[in-house]
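Quick notes on the structure that follows.
The values are calculated or read from the model by the stated rules, or taken from the named source; none is laboratory data. Because the structure is a prediction, the values reported are computed rather than measured. So basically every Cβ, Gly included, is an ideal-geometry build from the backbone, and we count neighbours across all protein chains shown.
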Amino acid sequence: MSRSSTHSMLPPFRWARWLYRTTFQRQLSVTVAIGVVLMAVLSSTAASWQGSRQIRDNLMQQGERIASSLAMQSQLALLSSSPDNVSEALAATLTYPDVMRAEIRRVDGTVLIERGAGPQPHTGRAALPASGEIQRVHEAYLEGETDELWCFIAPVWTHPRSSPFEVESAPEEYLGYVRLIHSKGTLTRTKANIFMVNLSMAAIIAILFLGAVRYLGARMTRPIQVLSGAMTRAERGDAGVRAVVDGPQDIVDMAQAFNRMIAVLQDRGDELERHREHLEDLVHDRTEQLQRAKDRAEEASQAKSAFLARMSHELRTPLNAILGYAQILKMDRSLSARQVAGLNTIHSSGEHLLMLIVDILDLSRIEAGKVELQPSPVVLRNSLQGLVDIIRVKADEKQLDFSWTCDDGVPVTVLADDKRLRQVLLNLLSNAVKFTDRGAVSLVVRLGGAAAIDTGLCTVRFEVHDSGAGIAAHDVERIFEPFEQAGDSHQKAAGTGLGLAISRQLVRLMGGDIHVESQPGRGSLFWFEIELPVMADGQSAHTLPSVWSQITGYAGYRRTLLIVDDVPANRLMLVDLLRPLGFDLLEAGDGLAALERLRLHEVDAVLMDLTMPVMDGVEAIRRIRAEARTTLLPVIALSANAARDAHDEAVQAGATEFLAKPIDRAQLLQVLGQLLDIDWVAAPPGMHG
Amino acid sequence: MKWPRAATWLWLYVVCVLGAFGLAGGHLAHAAPDDVGRSVAVLYPELAEPYRSVLQAIIGGIDERVPGGAVRVPLAPQSTAADLVSDLRRRDARVVVTLGRQGLRVARGLDRQFGVVASGVLAVTPADAEGLGVLSLAPDPGMLFARLRVLMPQVRRVRVVHDPSQNAWLIRLAREAARTQGLELVVVEATDLRAALRAYTDLLPQMNPQQEALWLPQDSVTVDEDTVMPLVLREAWERNLHVFSSNVAHVRRGVLFALYPDNRALGRVLGDWARGYLQGGPLPPPGVQPLGELLLAVNTRTARHLGVSLAATQLKFNTVFPEP
């Protein structure tokens, strides 16, 4: 029981609370002390009272005897009326202690002789006893008393001898009386002495008794305290504690029981400890095994990531050049149609290859959980419109009917990862077009589930219909596996086979899932629902101009850009890409050279590759930011490693933007436009001829 | 030899005649000698010691003189004569000896068909006797004076203080006895203790130690043990006065000598009286008689103090004080 709860249970009376708060020994001592003191006082008083009664009786008897004796000796004096006959007896009487005064009086009350210095004893009754009264008694009696003295009367009679042989007994004759004044001094002193002696004896006995009680109490409570201390230590966890077996038998029994209990507890504790240690060892072993497995897995994962990154980098670098130059060549107006067709083939093949690489990397990142959505306000219809434009082209190519609808209830602006959403829809629509030979493909966007726009959320349902070959039921799940396609091999269309796998992972990442409703020969329906936060109108996102490819320059003064890349081909590709647009370009092969350039030249922005010898891009960005002059200088980090780690590392070092290689021209121009506040100048449509 | 028939008849005749004489021949003729005791009843009070021993001694003396022993009739405190008469008749008692004060009271009420003798009493007056013969325990003054003459021949005058209501009869006898012994008896009467004390106070200084002696009779008024005796003894010791007494206890306290009753002898006297009465003799004459059966007690210390040579007296002292 806790101390506070103990206090809460304390009784309301003060003495009862005292009983709860004091030790057993103190309670015993106080109780015995009170009892002994009361006993001492009461016994002393009683003994004194009883003793004083006996002494009083004795003293009164003594006084009566003295008076009677004097009366006996007074006969001659009274008979002869001669005080001399009794003077000696009177003097002897006065030698008795406490006899203050003695008088011998005649029958008529006149004094025959008196001695002593005591007060005239007129106590209570008549000054002189009535002779008739006295003549009725022969024995001495108490005439009266005060607090200080007694007054005894002893009548004086003749005592003629009488024998059974005498015919007539001689009559007794009353001669007078003796009055004796007896002090109570002895009585008073004796009473006080008896009381004091009794009290002293009682006090001595009480002290001895108290001492004995304290000794016995201590002998009783000390083992209890020892036991209590042992229990306290045991409560604190001292398992080896043992109570000292000592004291009265019942305490000894208690201590032994405690020791046995502690021993049992200790055994159990030891056993538990052994179990725990064993368990800990087991857990430790398992943890180590798991840790090793985890480490191995992480190493494998890192190795895989590194491999993928390296492969991505290695593949992107040549692709960067291929695509870049294909785009550059396509801008050459002097090429023949066949050359243009060839360039297009080169470009589309490169893009396909790039798409394959990106998809593999994407899937890898998604499965590794390294993909995070980056929501931003999206004007859903605009975003879908761009998508529809692309698909419509493809549908038109296959002479398919394509339509799309967006219900009016669908919010205008939502918070979504536009890129990923477009990626999913593009994949579904592309597949629909790809696997539909005739008929129609449609996109339907509407509110799904229980619309709850009031709460700031809405569930948007995206449906992609086609009238294609359809999917057998047993193929429905398989089509979401990587590198799987439904149907016979001859029906397989071109593609990486990763699109649906990536799409499903992305939709799941968005909180939904892709469902398929299909019957072979009757077309398919792919749909999914995702919950999107609704944004107020006006929070529309930037929309990329759809005519990036027509940009030929920019308005305003000329900007100077520093291109930092250890691969000259990459630098050259960027130079070729940007110089025609009107930029002045500086080049550097590593970070250190870039810093030197910056120290010597004023530039408006830096395109910084991250992986370089001498000084890598991250370190270079960090130093740029450290320089006061270039603290605010826009720096666009470029990396063939599209992994999130590279992006994060660059941003942390101070990069303003991050672009993955191969560089998308439109994306690069958009970023530059934003950072340098450039108004792009585009060529009129149809310039490609 | 064969007795003749006439002789047999003569023998029977003689026996019968003698028997007839015996029956008609007075009181004793009624009882055989062994039956005398059953005709003598002793009435005595039941007392504690030392009085019991006195009575036992007297009764023992009676028994010595009464063949078969007297019939003992103890008296309860409330016993009356009327109660006892039938009992005595039933016992066929003819002589009744009463002892003590209560015995005397009963004796006065007994039917005169019984022969009654009273004794074991003190301070009895002739009036108390009421026609009874009473043997008092008061020593005979004649014997007292005779012993005085032997022990203190120089004494010529004897002084006595008495209450006439108790001892007038005794003083009369004493006067005669004194005369017989050639002594002068000076008598002072005192009817109460105060008068007695005054008398002693007066006479003691007047006494001539050489020729006078003081007699202390058995008198409850004039011989007060608490007042008179200390006075007398102190005065006698201081002035070498000769004091004798009729009470043996006084010898113990310092009186020179005293005569006291010889109880067994008294009993024998009483037994003699009873048997004599049964045998046709007389009972003691009515009135009080002093006691002649006496023993002598002496205080040797007082004797030495007074210069009395006891050995020279050739008296037999029955009791000597201080006791060895």
Query raised in the report: Out of region B:265-298, which residues are over 10 Å from the mean Cα position of the chain (by Cα), charged (D, E, K, R) and either more than 18 Å from B:A93 (Cα to Cα) or buried (at least 21 other Cβ atoms within 10 Å of the Cβ) (or both)?
Result: B:R268, B:R275
**Report entry** Hey, B:A31 over 28 Å from B:H162 (Cα atoms), more than 19 Å from the chain's Cα centre (by Cα) and at pLDDT below 85 or not
**Finding:** yes
Query raised in the report: Which of the residues belonging to region A:561-586 are in a strand (DSSP E or B) and either of a type in the set (A, V, I, L, M) or within 60 Å of the chain's Cα centre (by Cα) (or both)?
Result: A:L561, A:L562, A:I563, A:V564, A:L585, A:L586
Query raised in the report: So which residues in region B:106-116 are at pLDDT 85 or above and within 12 Å of chain A (Cβ to nearest Cβ)?
Result: B:A107
Query - All positions within region B:117-136 that are more than 9 Å from chain A (Cβ to nearest Cβ) and touching a Lys or Arg at 6+ places or on another chain (Cβ under 9 Å) - result: B:A118, B:A129, B:E130, B:G131, B:L132
Query - Test for A:I224: is it at pLDDT 85 or above, of a type in the set (A, V, I, L, M, F, W, C) and either touching a Leu at 6+ places or on another chain (Cβ under 8 Å) or over 30 Å from A:T93 (Cα atoms) (or both) - result: no
Query raised in the report: With (1) closer than 22 Å to B:W273 by Cβ; (2) within 11 Å of chain A (Cβ to nearest Cβ) as the list, and B:L170 as the residue in question, which single condition is left unmet?
Result: (2)
Query raised in the report: closer than 30 Å to A:T95 by Cβ and part of a helix (DSSP H, G or I): does that describe A:S48?
Result: yes
Query raised in the report: What is the number of the single condition among (1) buried (at least 17 other Cβ atoms within 10 Å of the Cβ); (2) assigned by TED's automatic domain parsing to the domain that holds A:V507; (3) out of contact with any Ser or Thr (no Cβ under 9 Å at 6 or more places or on another chain) that A:W404 does not meet?
Result: (3)
Report task. For residues that are in a strand (DSSP E or B) and on the phi > 0 side of the Ramachandran plot, tally how many sit in region B:94-109. Result -> 0
Report summary line: When every residue in region A:25-61 that is out of contact with any Gly (no Cβ under 8 Å at 6 or more places or on another chain), touching a residue at least 40 places away in the same chain (Cβ under 8 Å) and not aliphatic (A, V, I, L, M) is compared, the one farthest from A:L149 (Cα to Cα) is A:S43
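For (1) more than 25 Å from A:R316 (Cα to Cα); (2) in contact with a Ser or Thr (Cβ under 9 Å, 6 or more places away or on another chain); (3) buried (at least 22 other Cβ atoms within 10 Å of the Cβ), each residue gets a yes or a no:
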{"site": "A:D590", "(1), (2), (3)": "no, no, no"}
{"site": "A:E596", "(1), (2), (3)": "yes, no, no"}
{"site": "A:L610", "(1), (2), (3)": "no, yes, yes"}
{"site": "A:P613", "(1), (2), (3)": "no, no, no"}
{"site": "A:D616", "(1), (2), (3)": "no, no, no"}
{"site": "A:A628", "(1), (2), (3)": "yes, no, no"}
{"site": "A:L633", "(1), (2), (3)": "yes, yes, no"}
Query raised in the report: Could you count how many residues in region B:207-222 are without any contact (Cβ under 8 Å) to a residue 60 or more places away in the chain and either closer than 17 Å to A:R161 by Cα or in a loop (DSSP other than H, G, I, E, B) (or both)?
Result: 7
Report task. Could you list all residues from region A:86-103 that are buried (at least 22 other Cβ atoms within 10 Å of the Cβ) and either among the basic types (K, R) or under 18 Å from A:H159 (Cα atoms) (or both)? Result -> A:V86
**Report entry** Sole residue being of a type outside the set (K, R) and either outside any helix (DSSP H, G or I) or modelled with pLDDT of 85 or more (or both), chosen from A:Q289, A:Q256
**Finding:** A:Q289
Requested in this report: Looking only at region A:312-358, count how many residues are hydrophobic (A, V, I, L, M, F, W, C), more than 23 Å from A:V575 (Cβ to Cβ) and without any contact (Cβ under 8 Å) to a residue 40 or more places away in the chain.
Outcome: 4
Requested in this report: Name the residue, out of B:V66, B:V40, B:V73, that is buried (at least 20 other Cβ atoms within 10 Å of the Cβ) and either under 16 Å from the mean Cα position of the chain (by Cα) or under 16 Å from B:P284 (Cα atoms) (or both).
Outcome: B:V40
Query raised in the report: Scanning for something in a loop (DSSP other than H, G, I, E, B) and over 30 Å from A:D332 (Cβ atoms), does region A:668-684 turn up at least one residue?
Result: yes
Query raised in the report: Do you know which residues across region A:158-185 are in contact (Cβ under 8 Å) with a residue 12 or more places away in the chain, within 14 Å of chain B (Cβ to nearest Cβ) and part of a strand (DSSP E or B)?
Result: A:Y174, A:L175, A:G176
Requested in this report: Given the conditions (1) of a type in the set (D, E); (2) over 30 Å from B:L256 (Cβ atoms); (3) buried (at least 20 other Cβ atoms within 10 Å of the Cβ), report the number of the one that B:D92 does not fulfil.
Outcome: (3)
Report task. Within region A:70-121, track down each residue that is among the hydroxyl-bearing types (S, T, Y), in a loop (DSSP other than H, G, I, E, B) and within 19 Å of B:A195 (Cα to Cα). Result -> A:S74, A:S81, A:S82
Query raised in the report: Do you know which residues across region A:359-392 are buried (at least 17 other Cβ atoms within 10 Å of the Cβ), free of Cβ contacts under 8 Å to residues at least 60 places away in the same chain and charged (D, E, K, R)?
Result: A:R392
Query raised in the report: What strands (runs of 3 or more DSSP E) lie completely within region B:110-206 and have 2 or more residues being touching a Ser or Thr at 6+ places or on another chain (Cβ under 8 Å)?
Result: B:115-121, B:133-139, B:157-162
Query raised in the report: Is there a residue in region B:234-249 that is within 24 Å of the chain's Cα centre (by Cα), within 14 Å of chain A (Cβ to nearest Cβ), of a type outside the set (D, E, K, R) and under 30 Å from A:R106 (Cα atoms)?
Result: no
Query - Among (1) over 60 Å from the mean Cα position of the chain (by Cα); (2) farther than 26 Å from A:L319 by Cβ - the single one A:E602 does not satisfy - result: (1)
Query raised in the report: Taking only pairs six or more apart or across chains, which ones have beta-carbon atoms under 6 Å, a first residue in region A:649-670 that is farther than 22 Å from A:L354 by Cα, and a second residue that is modelled with pLDDT of 80 or more and basic (K, R)?
Result: A:A653/A:R622; A:G654/A:R625
